[in-house]
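Just below is one structure, and these are the notes that go with it.
The values are calculated or read from the model by the stated rules, or taken from the named source; none is laboratory data. Keep in mind it's a predicted model, so treat the numbers as computed, not measured. Counting neighbours? That spans all protein chains shown, and the Cβs are built from the backbone with ideal geometry, glycine included.
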Amino acid sequence: MADACTQGIDTGFVALGYGKVAFLGVIQGITELLPISSTAHMRIVPALLGWQDPGSAFSAAMQLAALAAVISYFWGDMRDVVVGSTTAALRRDFDNWHFRFAVWIVLATIPIIIAGLALSGLLNQCGSPLRGLVVIGASSLFMAVLLAIAEMRARHVRTIDNVNLLDAMIVGCAQVGALIPGVSRSGSTLTAALFIGMKRDEAARFSFLLGVPAIALAGLKEFYELWKAHLDAHGWSILAIGLVTGSISAFIAIWGLMRFLERFSAWPFVIYRATMGILLIVAFTAGWLA
């Protein structure tokens, strides 16, 4: 089925209708915050089911569902950072940890903003080559190798309370990789946080908090692009269904991931990603998936 376009924006999700988008919203919500790439699953699942590709606009706009889940789950941390940094700024207490952490988050978001703007035309175009199954398969396999190395080398001793600006910039630069479908923002930042010696659950917590501005900007930018492209009321209502189901499933995904990483390693995600990458490349090469 041909990709659907609205003034050059890939809006294949509109053709899917409410039921299919609700189902994909659940898949997107779960995979968005697990280190297994939501974009990859938004290409794989529809391809396996013979459905229209929902398009890059759907994946990007659904970032707001992930944002709602992250803010809800980490509300205490978010409140402490916002209130603490604001209070410290008013008092000119620039050595305050919350103020410094807030500044680090802002600075760590700059790399993905620059890269996102530079690649926006390629990422959002209809039939973008970056959404090809071979690209996604190769990215998944590459990230599986990196996460495996991180697990083997990680010390698992540091917490979020003793990170510094360099740590934030390392994780922030790793976040840029998420622009390539199949890499995963959660996966790339979690891997980077493990490389700098953080405990698994603390690495995930740091990854989510640092990613809030990037997730918000990506989602809001895509909403603006859809509005500018004059998406009709029917299209907005379909997207809204996806956002609702995505928010609920994303919250459950965070809850499950945090408890999993408190007790176990990231090796199951390594195996899952490696298997997915190999199968995708083989399936495409053999002609099983178009």
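Within the range 78-86, none of the residues are in contact (Cβ under 8 Å) with a residue 60 or more places away in the chain, surrounded by 13 or more Cβ atoms within 10 Å (Cβ to Cβ) and not in a helix (DSSP H, G or I). Of the helices (runs of 4 or more DSSP H) lying entirely inside the range 129-199, those containing at least 3 residues that are modelled with pLDDT under 95 and over 17 Å from the mean Cα position of the chain (by Cα) are 133-153. A Cβ distance below 8 Å, combined with a sequence gap of six or more or placement on separate chains, defines the contacts here; from the range 96-114, residues that are assigned to a loop (DSSP other than H, G, I, E, B) reach residues that are aliphatic (A, V, I, L, M) in the pairs N96/A88.
For the range 224-240, a tally of residues being surrounded by fewer than 18 Cβ atoms within 10 Å (Cβ to Cβ) and either of a type in the set (F, W, Y) or in contact with a helix residue (DSSP H, G or I) (Cβ under 6 Å, 6 or more places away or on another chain) (or both) returns 3.
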